[in-house]
Amino acid sequence: MAKVRVGDIDLDVERSGSGPPLLAIMGMSGTALHWGEPFLQALGERFEVIAYDHRGVGASTRLTGAVTIEQLARDAAGLLDALEIERAHVLGISMGGMIAQELALARPSLALTLTLGCTYCGGPGSALAGPEVIGRLAAAMRSGDRARAIRTAWEIDVSPDFAGDAEAWARFAAIAERRAVAVPVIRAQLEAIAAHDTQSRLPGLRMPTLVIHGTQDLMLPVANGRLIASLIPGARLEILDGVGHLFFWERPERSAELVRELAAVRA
């Protein structure tokens, strides 16, 4: 990865594949590694994928104090500006999908297409993770047992069937060990998510948009995907049956195919 100066911070950036640029915006507690090699390789057959670590994550500039989704969206747009990319396909998942919404609303000319995965827009009808899920995560984090915390996150982020995939779990655990995200950064990201609300503004988006959501998403229930797709004119909604929050881990080839299909509209 290589550091890119964006305003007064540095973002650690990984570029892979070839083709038109695709900006990949990761979610809460995630890193550029969390896209997973199968998904990145499938995307790289069609796009130059630009994945990066948010401020406070990895080798990017440390986070001090609070952060907002709007600020993170300015980081994302500023990264494209710094790379002298005038237009890109934009993909955001979970918190990254919230960032992608704000980027598309603030700088619509940057987004050739918009893919919003397993995400949330705030406002009436939206739903964050339920108290049982939050309680499980909080208890695991408070335990001080890092292995338990990582395993709990895995079991919540994927469907029960996929959670038992030993090879996938080993890859996920290795990523978590290789590039950890500090608890204060995760807390700041959680606070940013809680304040996020684009619902009333989404009908103003005009770029081709794809919304992807799994039916077994515990972090951000599938009702969020249906709501977002209903608000954005012409948006395509793709529901993945039996799939959890990390749909691109469970269905990497299908997920990449959906992004490629959307991009073909603006080829």
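The values are calculated or read from the model by the stated rules, or taken from the named source; none is laboratory data. Note that the coordinates shown come from a computational prediction; the quantities given were computed from them, not determined experimentally. Cβ atoms come from the backbone with ideal geometry, glycine included; neighbour counts cover every protein chain shown. Each accessible area value is taken on the protein alone, full model and side chains, heavy atoms only, with ligands, DNA and RNA left out. Shrake-Rupley method; radii C 1.70, N 1.55, O 1.52, S 1.80 Å.
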*Answer with yes or no whether residue 137 is open to solvent by 30 Å² or more (accessible area, probe 1.4 Å) and either in a loop (DSSP other than H, G, I, E, B) or without any contact (Cβ under 8 Å) to a residue 24 or more places away in the chain (or both).*
yes
*Test: residue in region 50-64 that is open to solvent by less than 20 Å² (accessible area, probe 1.4 Å) and touching a Pro at 6+ places or on another chain (Cβ under 7 Å)*: yes
*Picking from 175, 193, 186, 156, which residue would you name as being closer than 25 Å to residue 61 by Cα and touching a Leu at 6+ places or on another chain (Cβ under 6 Å)?*
175
_Consider region 87-118. How many of its residues are in a helix (DSSP H, G or I) and surrounded by fewer than 24 Cβ atoms within 10 Å (Cβ to Cβ)?_
6
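Within region 92-103, is there a residue that is of a type in the set (A, V, I, L, M) and either at pLDDT below 95 or farther than 26 Å from residue 128 by Cα (or both)?
Taking region 92-103 first, the residues of a type in the set (A, V, I, L, M) are 93, 95, 98-100, 103.
When the remaining residues are screened for being either at pLDDT below 95 or farther than 26 Å from residue 128 by Cα (or both), the result is none.
Looking for residues that are of a type in the set (A, V, I, L, M) and either at pLDDT below 95 or farther than 26 Å from residue 128 by Cα (or both), one finds none in region 92-103, hence no.
In region 215-267, how many are of a type in the set (Val, Ile, Thr) and touching a Cys at 6+ places or on another chain (Cβ under 7 Å)?
Going through region 215-267, the residues of a type in the set (Val, Ile, Thr) turn out to be 215, 222, 228, 232, 239, 243, 259, 265.
Checking the rest, the ones that are also touching a Cys at 6+ places or on another chain (Cβ under 7 Å) come to 228.
Selection size over region 215-267: 1.
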*Filtered residue count, region 12-35, keeping only those that are crowded, with 17+ Cβ neighbours inside 10 Å and at positive phi*: 2
_Please count how many residues of region 247-267 are open to solvent by 10 Å² or more (accessible area, probe 1.4 Å), touching a strand residue (DSSP E or B) at 6+ places or on another chain (Cβ under 8 Å) and within 20 Å of residue 28 (Cβ to Cβ)._
1
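Give region 172-189 a look and list any residue that's part of a helix (DSSP H, G or I), in contact (Cβ under 8 Å) with a residue 60 or more places away in the chain and surrounded by 15 or more Cβ atoms within 10 Å (Cβ to Cβ), or say none.
Our first condition is that a residue be part of a helix (DSSP H, G or I); within region 172-189, this holds for 172-178, 183-189.
Pick out the ones that are also in contact (Cβ under 8 Å) with a residue 60 or more places away in the chain and you get 172, 175, 178, 184-186, 188-189.
Of everything in region 172-189, those that are part of a helix (DSSP H, G or I), in contact (Cβ under 8 Å) with a residue 60 or more places away in the chain and surrounded by 15 or more Cβ atoms within 10 Å (Cβ to Cβ) turn out to be 172, 175, 185, 186, 188, 189.
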*Which members of region 148-163 meet the condition of being open to solvent by 60 Å² or more (accessible area, probe 1.4 Å) and more than 17 Å from residue 247 (Cβ to Cβ)?*
148, 151
_Failed item, numbered, when residue 39 is tested on (1) part of a loop (DSSP other than H, G, I, E, B); (2) over 22 Å from residue 190 (Cα atoms); (3) open to solvent by less than 10 Å² (accessible area, probe 1.4 Å)_ = (1)
*Any idea which residue in region 185-203 is farthest from the chain's Cα centre (by Cα), counting only those that are under 13 Å from residue 65 (Cα atoms) and among the β-branched types (Val, Ile, Thr)?*
185
*May I ask you to list the residues in region 18-29 that are touching a strand residue (DSSP E or B) at 6+ places or on another chain (Cβ under 8 Å) and closer than 22 Å to residue 168 by Cβ?*
24, 26, 27
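Yes/no per residue for (1) under 18 Å from residue 84 (Cα atoms); (2) touching a Gly at 6+ places or on another chain (Cβ under 6 Å):
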residue: 18; (1), (2): yes, no
residue: 23; (1), (2): yes, no
residue: 26; (1), (2): no, yes
residue: 34; (1), (2): no, no
residue: 37; (1), (2): no, no
residue: 52; (1), (2): yes, no
residue: 57; (1), (2): no, no
_Looking at region 203-216, can you tell me whether even one residue there is of a type outside the set (Ser, Thr, Tyr), in a helix (DSSP H, G or I) and farther than 22 Å from residue 236 by Cα?_
no
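Open to solvent by less than 60 Å² (accessible area, probe 1.4 Å) and either closer than 22 Å to residue 166 by Cβ or hydroxyl-bearing (Ser, Thr, Tyr) (or both): is that true of residue 221 in this structure? Break it down stepwise before answering.
Values: open to solvent by less than 60 Å² (accessible area, probe 1.4 Å): yes; either closer than 22 Å to residue 166 by Cβ or hydroxyl-bearing (Ser, Thr, Tyr) (or both): no.
No, not satisfied.
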